[in-house]
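The values are calculated or read from the model by the stated rules, or taken from the named source; none is laboratory data. Everything numeric in this text was worked out from a predicted model, so none of it was measured. Note: ideal-geometry Cβ built from the backbone for every residue, glycine included; neighbour counts use all protein chains shown. For accessibility, only protein heavy atoms count, side chains too; no ligands or nucleic acids. Shrake-Rupley method; radii C 1.70, N 1.55, O 1.52, S 1.80 Å.
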Amino acid sequence: VSETSRIDPSAVGAPLDDPRVHRAVLESSQDLIVTLDLGGRITYASPSWQRLGHRTDDLLGRHALDLVHPDDLEGAGAALAIVTTGESLEAIPLRVRRADGTYADVEAAGTPLVGDDGAVTGLVGTARDVSERLALRGRLAELGVVNRLADAVTRARTLDDLLQEAVTAIIEGVGTSRASVLLADAEGVMRFRAWSGLSDEYRRATDGHSPWPVDAVDPQPVLVADVAHGGFDTELEAVIRREGIGAVAFIPLVHDGRLLGKFMLYEDEPHEWTEAEIRLCRTISNHLGSSAARFRARGELRASHRRFELLARASALLSVSLDVDRTLDTIAALVVPELASYCVVDLVRDGAVVTVAMDHEEPEKAAALRRLRAARPASSEGHPVQHVIASGETMFRPSIADASLDDPAHESDFGEALRALGPRSAVVVPLVARGHILGALSAGTTDGRPRLDPADVGLFEELGRRAAVAVDNAFLHLEMRRAREEAEGRAHAAEALEFVGDAVALVDTRGVVRLWNPAAAAITLVPAEDVLGRRVEERLPGLAAALVQVPLQPAPPGESRVRTLPVDVGGTERWVSISGVRFLGGTVYAFRDVSEERFVERLKSDFVSTVSHELRTPLAAVFGAAQTLRRADLSLDAPQRDALLEMIAGEADRLARIVEDILLASRLDAGTVTLEVEQVDAAQVAEQVVGAARSYAPDTVALALEVEEGVPPVDVDRDKIRQVLANLVENAIKYSPDGGRVLLGVARDGDRVRFTVTDEGLGIPPGEHGRIWEKFYRLDPNLTRGVGGTGLGLYICRELVGQMDGRIWVESTGVGGSTFAVEFAAAG
Ligand code: ADP
């Protein structure tokens, strides 16, 4: 049109009839112009055909349909037929072949040439090249798709959102019925991420398939126009066909030369993939490649941020607790569900692997996990945990295939639990602290959760390190607490040793005293400072001699074997019972002074023999007298019988007194003796006692009474004071076997009244003055001097005098007799 506008308008009008004008218009037209005869052959072609590479002369005589794209022949033929009937047609889209064999998009119109007779003689065809316009429109469409995609990139929250958007864009932009995007996973295996119009079955069957190797450099699209000739293996081809797919195109998704995944285009029927389709798809793919990479980077950044946060939280949480159980629970809680579906912590305790924490985000699967570990504990041979603990190296299974779960080699319990758990990926990291492998942390994902990737493994390793330090700290703390408690226990024990009544001495392996408690000092009369750091024999040769005789027990003490041995202590003999326990650092001796107990024991046995003797003597006399009286062959006269009867009475009386003494002594012990205190005339009591003694005193003993003039009375129990004095006088007589004078004196001493019983008998050595008052104590238990007694008399005297607020003592040098004195406050 722009060309025709150059024609001078003033020339328009008359010149239109001019054939030269016609020709000029034809020659200058941009449109492709032909005239055809009724048979469709070209009779004229305008110079503009040269733009398609044709020489106009070559076109003459050719059939117009020869220049039409085979796909457009039908429409073009029909149009031609219509025009030959005399109708005009406009704007038929056609593809017209260029000289080089390619096609130009044109919009064609046809006009019949009618003769003067009105009959159609031929036709004129004009065609306008719209290739560029179409290309432009195509580009605009692509741009629209790309813009939409760019928009989607900014809006998409997740990579999968974006990928789904890309699939939609491809379907709209390319015009295919179905499409999908697959991305390579951690191991480079292609996994469906977004799709449209594909069945689950098809995806399962083709998941992982890729026409390129994982490390392909600059992978190119693979176009399959007809699946039947695509070179797929029969099984795959069958799957594709079942899905109703006739043609398929693989468009690589590449970023930075790295194969990230692929786009898939599907056509239901066999289809020749056009450049435009592939170009659009690649444009989208390129766009998406960088976006996917960016998304991945953003995801990684977010993940690493999350990980950083998690580790920070882990450190904070783990440092709080020094309690082992709490620490382990914290670890499990950090992992599940944040990082993995499940988590198990195994620790090495006393050389064995023990599971100490276990958790799964779903309770049912937690049960399956427990069954799994029960069927195959971490302690079993070949268990991954064993391997990690032995090697100290992480074990990572990024992808656990379904097939491996169904392995018929699994025993039934294990297989059942494994399938119920449905692990998808698993990692086991060692728990290492201070160079020691404390155990292992196992974690993994199960069905319905993305697999762990290598970045996760690094996180678990880091978490494992922190957990190990925390566990280590908790154990250290526990150990420290135990040690402290033990030390405290020891300190308490040492403190207790200060107070125990038993002497405790610790002698080290070299015989040096290391511990000497106060009781030891008290018994041996040697203070700790004199003996600590020295050998026992240096200060206590007597004790050292005894210690070597003690049979030692190995620690811990069993039934202790105690030895009671005489030990010379400060010049006197003490009986000491000693036991010893040997331990690593030496020997602990425990000993106590049993002289007292031993003494009492001896007294008791002495008493038994004394009392039995004391009782037997009068009994024998009574028995003898009674026998004599019963004898029929002996005719006794009255005086003889009286003498025997008197003897029986006297001995019975003596027996009664012994028994009474024993009873009284035990009543005094029990504190059940009551006194009737009254004012008693001292002189009168003394007279009665001496009078009674006269009846039994032997002739060799001269009894005397000396009462001072005006002796005041005393406040005492009348019977008891008489019993005391009678006892003292009886002893004086008894212990004067060779006879002599026995004097009972009563005198005033200030505001007190004193009774004295003096004899010239055996005397009592000063060393025994304290002892004689003790129950059952006798100077001569073996009766070497033939004097009997129970040893109760003086005990009874002392107790009674004490109860009457008096004083009793003895004076004797041990030879030439003794004097016993009893003193009371004067009455009034
Ligand atoms: P018993 O006379 O029955 O043996 P006692 O308690 O009366 O018991 O006396 C205790 C011991 O004291 C006697 O065994 C004796 O050895 C000694 N004793 C008591 N009185 C005298 C004394 N007058 N002279 C010598 N020894 C005496």
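How large is the accessible surface per residue of segment 349-476, computed with a 1.4 Å probe and reported in Å² as a whole number? Before the final figure, lay out the partial values.
On the way: 6150 Å² over 128 residues.
Accessible surface, normalised per residue, equals 48 Å².
Could you tell me the calculated FRET efficiency between GLU27 and GLU237, based on Cβ-Cβ distance and R0 = 51 angstrom, to the nearest 0.05?
Working: r = 57 Å, r/R0 = 1.12.
E between GLU27 and GLU237, to the nearest 0.05, is 0.35.
As a ratio to 2.2 N^0.38 Å, the alpha-carbon radius of gyration for segment 482-608 is 1.12. With the convex hull drawn around the C-alpha atoms of segment 723-788, the volume per residue stands at 115 Å³.
For MET395, the solvent-accessible surface with a 1.4 Å probe is about 70 Å², rounded to the nearest 10. Our compactness index for the chain, the C-alpha radius of gyration over the empirical 2.2 N^0.38 Å, is 2.32. Counting only alpha carbon atoms, the long axis of helix 363-375 and the longest principal axis of the chain meet at about 70°. Gain on full extension, evaluated as 0.36 nm per residue between GLN50 and ASP215 minus their Cα-Cα distance, stands at 54.5 nm. R0 = 60 Å: FRET efficiency of ALA135 with SER380, Cβ-based, nearest 0.05? Efficiency, from the Cβ-Cβ distance: 0.30.
Spin-label pair ARG191-GLU416: with each label point 7 Å from Cα along the Cα-Cβ axis, the two points sit 3.1 nm from one another.
Against the main long axis of the alpha-carbon atoms of the chain, helix 19-28 sits at an angle near 20°. Taken along its three principal axes, the alpha carbon spread of segment 684-746 comes to 36, 23, 17 Å, from the longest extent down to the shortest. Phi angles of segment 520-535 translate, via the Karplus equation with coefficients 6.51, -1.76, 1.60 and θ = phi - 60°, into HN-Hα couplings of 5, 5, 5, 6, 8, 6, 10, x, 3, 5, 7, 10, 4, x, 10, 6 Hz per residue; Gly and Pro are given as x. Counted over all Cα-Cα pairs of segment 202-291, pairs farther apart than 16 Å make up 54 percent.
If I model segment 227-356 as equal point scatterers sitting on the Cα atoms and use the Debye formula, what is log10 I(q)/I(0) at q = 0.09, 0.10, 0.11, 0.16 Å⁻¹? Result of the Debye calculation: -0.58, -0.65, -0.69, -0.89.
Between ALA91 and ASP350, residue separation times 0.36 nm minus the direct Cα-Cα distance comes to 84.0 nm.
For segment 733-828, the extents of the C-alpha atoms along the principal axes are 47, 27, 20 Å, listed from largest to smallest.
For segment 404-485, the Kirkwood hydrodynamic radius from C-alpha pairs, put into Stokes-Einstein at 10 °C and a viscosity of 1.306 mPa s, yields a diffusion coefficient of 105 µm² per second.
What FRET efficiency would be calculated for the residue pair ALA670, ASP780, taking the C-beta separation as r and a Förster radius of 22 Å, to the nearest 0.05? It would help to have the intermediate numbers written out before the result.
Details: r = 29 Å, r/R0 = 1.31.
Taking R0 as 22 Å, the efficiency between ALA670 and ASP780 is 0.15.
Note on segment 373-445: Rg/Rh from Cα positions, Kirkwood definition for Rh, rounded to two decimals, is 1.00. Taking 0.36 nm per residue of sequence separation and removing the Cα-Cα distance, the GLU687/GLU660 pair yields an extension gain of 7.4 nm. Measuring nothing but protein heavy atoms, the accessible surface of the chain at 1.4 Å probe radius is 52 percent carbon and sulfur. Translational diffusion of segment 247-293 was estimated from the Stokes-Einstein equation, with Rh taken as the Kirkwood radius over Cα pairs; at 20 °C and 1.002 mPa s the coefficient is 193 µm²/s.
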